[in-house]
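Visitor: Encoded as structure tokens, here's the structure I'll be asking about.
The values are calculated or read from the model by the stated rules, or taken from the named source; none is laboratory data. Small disclaimer: the values here were computed from a predicted structure and weren't measured. No Cβ is skipped: glycine too gets one built from the backbone with ideal geometry, and neighbour counts run over all protein chains shown.
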Amino acid sequence: MKDIAELRRDIDVIDDKIAELFLNRMEKMDEVALAKKNEGTSISDPARERNILSRVTNAVGEKHEDATRLLFRTIFGITKARQRVLLNGESEFTKSIKDAIAATNDKFPKRAIVACPGVEGAYAQQAASRMFPLPTIVYFNDFEKIFESVEKGLCPYGILPIENSAAGSVAAVYDLMQKHKFHIVRSLKLKIDHVLLAPKGTRLSDVKVIESHPHALAQCSEFFRAHSDIEMKPAINTATAAEALAANKTRGVAVIASRTCADLYGLEIIAERIQNAALNYTRFICIAKNTEIYSDANRIGIMLSLPHKPGSLNDIISKFSAIDVNLTKLESRPVPGMDFEFRFIFEFEASISDPSVLSLLADLAADPEIDRFTFLGAYSEK
């Protein structure tokens, strides 16, 4: 029986043969691409792919059928991407990214007019002040108005929460992403320490109702389990709830908000750090109307819909894996007005200047089987 060193030498020989055959196949596909151009034939040929899959899976037998199907579907994706480059040259997507990089200033701005949800003291305001050292903040009472203010050019930038380490994704923001045109230009991870605020002189035993944003309430679920007699009441924003309580001074009501709101609105802290997790973080994105790609951008976001066929999501993920890209976020959201149709949001760590990354994105943008490809942005996270 051969030892492992001998077996590996045998495998090396086989791998060399596979590499040689793969190179031969790619060179032959270049010829096919030119023939398709001359004959006016489409790059995609599903019938041909089905015939190949049938032939090669029959050849390997049932034991390796699934692995062989995955291998050849990956090869199909690689060759079609190569043909698109050969036949179409530099894509509109690639050109738009290069133009955006050239048009963007070297450094992220220190001063800007920024749209934020809530009022002074909101966590979004804190995120805005971290991203922009000298912001002029305009407040709106819901997330959609942030998108609208940026889309219409009323504010150059907008700040939105997208996920919390304990409560998960902010679904309302992800749903609005499908509706509006925008680009992410920066993201920020902000540590969240919730405190319970009430009018001065209020004791915890006096509290019957606690108001706050639903995500803040969810982040403090263990506190509510320990105080099951207290009612939870949703509000549009943590700081807005604090401002309203300071104005009304309703007896028996407290709010969950930031420590900053205690000083801003003259409220008293009656319980501290009431969130479930000590390390509680919310990610905020900064959006702009146009694509801005700064030199420190190391994350990329895209959104797309996939065909209803087995392995379509895996096909996309395998393409990221093939160029050694780490996916950091995969979110699916239902498409409004459609029956069980979903759009997928991908976020991954990569530089848009990397030729392999830009080539992959251009291929996804041009792929006729991918519906509504949207480049969300290339940005850094602070």
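Conditions tested, residue by residue: (1) farther than 15 Å from Met177 by Cα; (2) surrounded by 14 or more Cβ atoms within 10 Å (Cβ to Cβ); (3) at pLDDT 90 or above.
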| position | (1), (2), (3) |
| --- | --- |
| Gln275 | yes, yes, yes |
| Lys289 | no, yes, yes |
| Ile293 | yes, yes, yes |
| Ser305 | no, yes, yes |
| Lys309 | yes, no, no |
| Ile323 | yes, no, no |
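Visitor: So, one more: Only one residue in Cys116, Cys155 is in a loop (DSSP other than H, G, I, E, B) and crowded, with 20+ Cβ neighbours inside 10 Å. Which one?
Guide: Every option except Cys155 fails the conditions.
Visitor: Turning to a different aspect of this structure: Return a yes/no flag: does the stretch 222-240 have any residue that is among the β-branched types (Val, Ile, Thr), surrounded by fewer than 20 Cβ atoms within 10 Å (Cβ to Cβ) and over 19 Å from Pro161 (Cβ atoms).
Guide: Yes, the conditions are met somewhere in the stretch 222-240.
Visitor: Would you check which residues across the stretch 135-152 are of a type in the set (Ser, Thr, Tyr) and surrounded by 20 or more Cβ atoms within 10 Å (Cβ to Cβ) and list them?
Guide: Listed by number, the list holds a single entry, Ser149.
Visitor: Would you confirm, using the coordinates I've provided, whether Thr240 is in contact with a helix residue (DSSP H, G or I) (Cβ under 8 Å, 6 or more places away or on another chain), of a type outside the set (A, V, I, L, M, F, W, C) and part of a helix (DSSP H, G or I)?
Guide: Taking the combined requirement at face value, the residue does not satisfy it.
Visitor: If I filter the stretch 128-138 for residues that are over 26 Å from Pro355 (Cβ atoms), among the hydroxyl-bearing types (Ser, Thr, Tyr), modelled with pLDDT of 90 or more and not in a helix (DSSP H, G or I), do I get at least one hit?
Guide: Yes, that holds for at least one residue.
Visitor: Which of the residues belonging to the stretch 348-369 are modelled with pLDDT under 90, buried (at least 18 other Cβ atoms within 10 Å of the Cβ) and part of a loop (DSSP other than H, G, I, E, B)?
Guide: Scanning the stretch 348-369 gives a single hit, Asp367.
Visitor: Okay, moving on. Taking helices (runs of 4 or more DSSP H) that fall entirely within the stretch 167-236, which contain at least 2 residues that are not assigned by TED's automatic domain parsing to the domain that holds Val255?
Guide: In the stretch 167-236, the matching helices (runs of 4 or more DSSP H) lie at 171-177.
Visitor: Can you go through Ile300, Ile345, Ile316 and tell me which one is buried (at least 18 other Cβ atoms within 10 Å of the Cβ), modelled with pLDDT of 95 or more and farther than 17 Å from Ala171 by Cα?
Guide: Ile300
Visitor: Can you work out which of the residues in the stretch 267-295 that are within 19 Å of the chain's Cα centre (by Cα) and among the β-branched types (Val, Ile, Thr) is nearest to Ala350 (Cα to Cα)?
Guide: Looking at residues that are within 19 Å of the chain's Cα centre (by Cα) and among the β-branched types (Val, Ile, Thr), I get Ile293.
Visitor: Being within 20 Å of Leu176 (Cβ to Cβ), among the hydrophobic types (A, V, I, L, M, F, W, C) and under 12 Å from the mean Cα position of the chain (by Cα) is the filter here, so list the residues in the stretch 325-348 that pass it.
Guide: Leu330, Phe344, Ile345, Phe346
Visitor: Continuing with this model, one more query. Checking Glu268 against (1) surrounded by 14 or more Cβ atoms within 10 Å (Cβ to Cβ); (2) modelled with pLDDT of 95 or more; (3) under 25 Å from Val173 (Cα atoms): exactly one of these is not met. Which one?
Guide: (3)
Visitor: Go through Ala254, Ala216, Ala242 for me and flag whichever is in contact (Cβ under 8 Å) with a residue 40 or more places away in the chain, touching a strand residue (DSSP E or B) at 6+ places or on another chain (Cβ under 7 Å) and over 30 Å from Phe132 (Cβ atoms).
Guide: Criteria check complete, one pass: Ala254.
Visitor: Moving to a separate point now. Could you please find all residues in the stretch 65-95 being of a type outside the set (Gly, Ala, Ser) and over 21 Å from Thr41 (Cβ atoms)?
Guide: Selection gives Glu65, Asp66, Thr68, Arg69, Leu70, Leu71, Thr74, Glu90, Glu92, Phe93, Thr94, Lys95.
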